Number of protein chains: 2
Amino acid sequence: MTTSLPLIAADAGGCCAPVTGGVLAVEDAQRLARMFKALGDPTRVRLLSMIAAQSGGEACVCDLTEPVGLSQPTVSHHMKQLVDAGLVTREQRGKWAYYAIVPEILSMLSSALDPQALTDGGPASSC
Amino acid sequence: MTTSLPLIAADAGGCCAPVTGGVLAVEDAQRLARMFKALGDPTRVRLLSMIAAQSGGEACVCDLTEPVGLSQPTVSHHMKQLVDAGLVTREQRGKWAYYAIVPEILSMLSSALDPQALTDGGPASSC
């Protein structure tokens, strides 16, 4: 697997067939894996839940540091990985950065893992 | 974050509150992150989709090596990570190992990322 990973931040919405809907193309698997990798850290999962819990699904970085008990540079580093994966957007307003959930991406990831396709019966094939 | 990760393979079903349903407890975030980390690799995402695409959501390791173009030990190494994360079960039958999707875990992960909770309005709080 030496294929370079495409940038997905801008075009990831609805990009990928579900994991449970048939054998994924390599490119779709790379896009999904990049997003899952960003979620593969407990601090980032908590940060995402904190942003989602804010009114409007948006939070100031100033509200995130204290609950996770980490410095602002460390929180910003984690947030950059969520932004780069397309899960969150970042907007600078004066002194502070504001982060917002991208519901379309979360919805796409949620659908990608939905086992519903299994009960519908995938392509028949056995060992 | 020096807390040790709990073993989750056996008890992960329905373990975690959704990422979009309020601020996650550290332990829930650790459990979710461990599963997302297992999915944070394109080969493992493809392997999962291949198993899901088989009839009954189960596949022989002998059917997985050729499509991903990797050796059986490498595939088995990837599969171990999916098994350890609780996403897949492994059963030895004679010469071959058979892997099966765990729909309850995929369903839980799918629900954990569902942005539906956002539109219902989370706990009000702002910067």
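Modelled this way, with points 7 Å down the Cα-to-C-beta line, the labels at B:K80 and A:Q116 are 3.7 nm from one another. Within the set B:K37/B:K95; A:K37/B:K80; A:K80/B:K80, which residue pairs have Cα atoms separated by over 23 Å? Too far apart for the 23 Å limit: B:K37/B:K95; A:K80/B:K80. Sequence-ordered 3J(HN,Hα) estimates for the range B:56-63 from the Karplus curve with 6.51, -1.76 and 1.60 and θ = phi - 60° stand at x, x, 9, 9, 7, 4, 5, 8 Hz, glycine and proline given as x. Highest average first, the peptides B:49-57, A:75-83, B:64-72 ordered by how many other beta carbon atoms sit within 10 Å of their residues are B:49-57, A:75-83, B:64-72. Per residue of A:55-66, other chain Cβ atoms within 10 Å of the residue Cβ number 3 on average. Beyond 15 Å, what share of the Cα-Cα pairs of the range B:26-107 is found? Please give it as a whole percent. Taking all Cα-Cα pairs of the range B:26-107, the fraction more than 15 Å apart is 53 percent.
Bear in mind these aren't lab numbers, they're just calculated from the coordinates by the rules spelled out. As the structure is a prediction and not an experimental result, all values here were calculated from the model. Note that we place each Cβ from the backbone using ideal geometry, even for glycine, and neighbour counts take in every protein chain shown.
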